Structures are given as C-alpha cells and as structure tokens.
Amino acid sequence: VNSPETEIFHKGQTLYRLKEARELLAKSKGAGLVISEGYLDVAAFERAGVASVAPLGTALTEDQLKLLWRMAPEPVLCFDGDAAGRRAAFRAVETALPHIQPGNSVQFAFLPDGLDPDDFVRRHGTEAFQTVLASKTRPLFDVLIEREERPDQPGITPEQRAALATRLNTLIARIGDRSVR
C-alpha cells in the first residue's frame with residue numbers, strides 16, 4: 001500500500017525496488033533496466049532476471065528519470081499493452097524530452113494489446129520477454145513521431161503535414177541540450 005506524501009517522503013523522488021534493481025544490474029549482463037507501471041510487473045521482471053523498477057503510484061517524474069540515468073543511459077519503459085499504457089508512454093516522452101542529452105535518453109517496449117508485463121511473462125515466458133527487449137524496443141523519437149502523427153487520420157494533407165512539422169519543431173525545441181537537436 002502506498003503511503004501518503006509527507007514532508008519526508010515524496011513519491012516522485014524514489015522508485016519501487018531501486019536498490020534491488022541496482023544490485024541485479026551490477027551482477028547481470030541482461031537487458032538493462034526496465035521501468036514498468038506497477039509492483040507486480042517489477043516482480044515478474046525480477047523472476048525473469050531483468051532489473052526493474054516502478055514509480056510509486058505516480059506518473060514517471062523528472063526526479064525519477066534522473067535516478068534511472070544514474071543506473072542506465074537508456075532505460076526501457078515497458079508499460080501495459082493497452083490505451084492507458086500507451087498514454088503513460090506518451091506522458092513519459094513529455095517528461096524526458098527536456099532532459100535528454102548524449103548518454104541520457106529512454107527507449108520503449110510495447111507489449112501486445114491487453115497484456116501487462118506480468119501477464120506477458122507468465123504466458124510467454126522469460127525468453128519471449130527478452131526477445132521483446134532485444135528486438136522490439138523503440139527510441140524516444142520514434143514514439144514521439146507516432147504520438148504526433150495521429151494514426152486515426154486516414155490520409156495526410158499538405159496542411160496536416162505542415163501542422164505535424166510545426167508540432168515536432170516545437171517539441172524538439174524543448175530539448176535542453178542543443179547538441180541533441
């Protein structure tokens with residue numbers, strides 16, 4: 001059970017199972033660090049030998065990203081394979097964008113529709129999950145493009161293409177490190 005925010009405990013400044021993930025990363029040569037939405041997902045990843053953490057009942061914060069980047073230069077965000085998981089990924093893009101720089105970014109692994117990481121590992125096993133991490137991760141920029149392209153529109157007009165370019169340029173301008181732009 002999550003405890004409430006207090007003067008000495010701030011959910012947005014820590015990650016569930018951070019110490020254990022750090023220890024597992026130190027002794028394994030696995031897929032790296034994975035961030036999931038929930039505690040059961042972290043437990044499933046640990047059973048699969050994958051170092052994993054989760055936010056404490058909050059969306060991923062800037063402070064949590066900074067903790068992650070101390071452990072891994074490009075942690076993989078693996079959220080539930082549903083609309084809520086995709087929205088969480090898109091919010092994480094917004095959070096990470098101003099802070100990316102050479103050696104600090106994020107990648108994304110998307111699971112099949114309707115499966116959360118715990119379900120996926122239970123149904124398909126550790127090797128299948130390792131395959132997802134090894135071959136189906138996508139860089140932040142690809143996820144940003146997917147979000148902005150709005151796939152619900154069947155065809156793209158020149159005006160829509162111009163609007164897309166404007167949105168992307170505005171978002172790219174948010175990147176704090178000019179060498180990445």
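Just so you know, all these numbers are worked out from the coordinates, no wet-lab data involved. Please read all numbers here as calculations on a predicted model, not as lab measurements. No Cβ is skipped: glycine too gets one built from the backbone with ideal geometry, and neighbour counts run over all protein chains shown.
Filter the stretch 1-23 down to the residues that are assigned to a loop (DSSP other than H, G, I, E, B) and under 20 Å from residue 69 (Cα atoms) and list them by number.
Scanning the stretch 1-23 gives 10, 14, 17.
Exactly one of these conditions fails for residue 11: (1) under 17 Å from the mean Cα position of the chain (by Cα); (2) surrounded by 15 or more Cβ atoms within 10 Å (Cβ to Cβ); (3) of a type outside the set (A, V, I, L, M). Give me its number.
(1)
If a residue has to be among the small types (Gly, Ala, Ser) and touching a helix residue (DSSP H, G or I) at 6+ places or on another chain (Cβ under 6 Å) to count, how many in the stretch 58-88 make the cut?
Counting residues in the stretch 58-88 that are among the small types (Gly, Ala, Ser) and touching a helix residue (DSSP H, G or I) at 6+ places or on another chain (Cβ under 6 Å) gives 1.
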